[in-house]
Every structure is written in C-alpha cells, then in structure tokens.
1. Take the Cβ-Cβ distance between Leu19 and Glu118 as r, set R0 to 35 Å, and report the resulting FRET efficiency rounded to the nearest 0.05.
2. With unit charges on the beta carbon (Lys/Arg positive, Asp/Glu negative), name the residue among Gly32, Leu196, Thr158 whose Cα is farthest towards the positive pole of the charge dipole of the chain.
3. Just need the Rg to Rh number for region 116-169, please, alpha carbons only, Kirkwood Rh.
4. Got a sec? How would Lys136, Lys157 order by Cβ neighbour count within 10 Å, fewest to most?
5. Tilt of helix 198-214 relative to the longest C-alpha principal axis of the chain, in degrees (0 to 90, nearest 10)?
6. Can you tell me which of Ala120, Ala71, Ala281 moves the most in a GNM of the chain? Springs connect C-alpha atoms under 10 Å apart.
7. With a bin width of 10 angstrom, please list the P(r) values of region 116-252 as percents of all Cα-Cα pairs, from the 0 bin to the one holding the largest distance.
8. Please give the helix 277-290 orientation as an angle from the longest Cα principal axis of the chain, in degrees from 0 to 90, rounded to the nearest 10.
Amino acid sequence: MTFFVCNADNMAKRDRVDLFRIRLVDATSRAGLSKSELARAAGVDRSTIGQLFKRDMPRLPNAQLAADIAAELGVSLDWLMGLSNRPEQPAAILATEISLASAERASTGDQILDWHRESAGSKIRHVPATLPEMLKTEAMIAWEYSTLAPDVIDHVKTQAKGQLDWLMSGAADYEIAIPLHEVVSLAEGNGYYQGLDADIRSVQLQVISQQADRLYPRLRLFLYDAHALYSAPLTVFSNDLAVLYIGQCYMALRERQRIMALTEHFDWLVKRCAVDARDVADFVEARVDRN
C-alpha cells in the first residue's frame, strides 16, 4: 500500500496530516468501528490502517484508500483530508442547504415565525406574494382565506399578528418590496382584488399607510414597477437562510452563495424602486383619498 510521507520540515503538510489523523480518529469513534473493522471494510490489512492513527511519522493514505475510508465512515472525503469544514457527504450537504417545507395556506404561519426567530438580529428582506401578511387587516384575511374553515382563518389571523408583534419587538429590521400594481389594484378594486368590498379596501390601505409611517425606519416598504422589474415571492432572513415561495411549498436555501445572489436581487429591486420607503405612506394615503 502506497503512502505519502510527510517531510519533517514541511509544516503546512504536517499540519494537514495531523488534521487528517485527528478527523480519522474522531470519525472512526463516532462510527463505532475498531481499527480492525475499518481495515476489513476498506479492504486492507490492520497494520496499514494502524499507521494512519500513529502520532509519529504522520502519513496520508493514497487517494483510493482515503476515498474508501471516507465512504465507510460516512463522511466527506474533502473534510477528512482537511479541505472542507463540513463532514457531511455531498448529498447530505445538498439536503441541508436546500430543503422543502409545506406551504399549505393553513400551516405556513408557524414555520415562518420559526424562521423569523432563527434570524433574530438580522435585516430581513421580503417580497410577498400579495400584501405583507403582517400588515393585513382581519377583514382582508377573512376575504383572502374564505375557502378555509373558520378556525383555520382565526389561526391565520393570530399568526399574522404574531409576525407584526415580532417586528414591533425590535428583533430585526424589515425591508419589504411590493409591486406597485398591488397597491393600485387594491385601491381600484380590480385584478386580484376584484369583488372585495370598498370599505375593506379603504381600511386596508389606511393600515398600510399608517404602519409604513409609524414603524419607519424599522419597517421600510418599497414599491417597484413590475413592468420594469420582476421578482418571485421570497424572503432573505439572514446570511444563513433565504426562502423562495413556489406555491405548495417553500424552498429554504442555506448555502451562502445562493443567499447572497438573492440578497443582491432584492437590493436591486430596492435601488430601482418606483416609490421609496420614505414616500410610501403618502403614496398609499393618496390612493385612499381617490378610492
């Protein structure tokens, strides 16, 4: 069996070999295997495996043996060789970084509140599917969720209030980007809001205007022109969590590069918004006067 022998004066390589041995000992212990069992599983004799555990004359296995050991111990080869800090195998890392959660309308509130609490202290960036849940009146919620049972609607109202209470607690700053046409359609009673009572629409607009003014700058609403910009519903909770809403489920992302891409996308919406956060309250209030 071929080994790569560490030169005593090559400190960088010596450190890597020492890290390999430490991780090998740790992974073997967690797997509950003896050196003999590991040797049999890897298809080599015990003395070959034994040399990898020695503190003196540190050695690295060849690529084939290293891969066999990593597979048997259920860890990433990159982690075992000191090239990564994630011990999970690639498939397990992917499962951790991208996960799906049910987004049935009756059950979303609890999951969303959990994500909020997980991200306490962060700036949250949000593009809602319609209006922000935390700013909806009870009458609006009752209309939107009218196909659900009364007790479910009450639960949705409670969860919406919980999100608003969480925001008002100061646990995080909140930026929300909403398509301009969402507010205009609400004011005019067309599109998604066709058939909604004028009084409900008027009160809803007043609530948005009042909260945008009262909670600024903790809450910053931006209106963007969907003719020029587009965004799917999403929330960037923190540098460690972003969530895309795709209908019947949420796709939660925890890989830093993907989260940064969504953060940059949201910031692009804000930079090119049609109505800035400082002006949203007045803009929405003007829609009330025209209604």
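1. 0.70
2. So the residue we want is Gly32.
3. 1.01
4. Ordered by Cβ neighbours within 10 Å, fewest first: Lys157, Lys136.
5. Helix 198-214 sits roughly 60 degrees off the main axis of the chain.
6. Ala71
7. 11, 40, 40, 9, 0
8. 30
We did not get these values from a lab; they are worked out from the coordinates using the rules stated. Values in this document were obtained by computation on a predicted structure and should not be read as measured data. Neighbour counts are summed over all protein chains in view; Cβ atoms, including those assigned to glycine, are modelled from backbone coordinates with ideal geometry.
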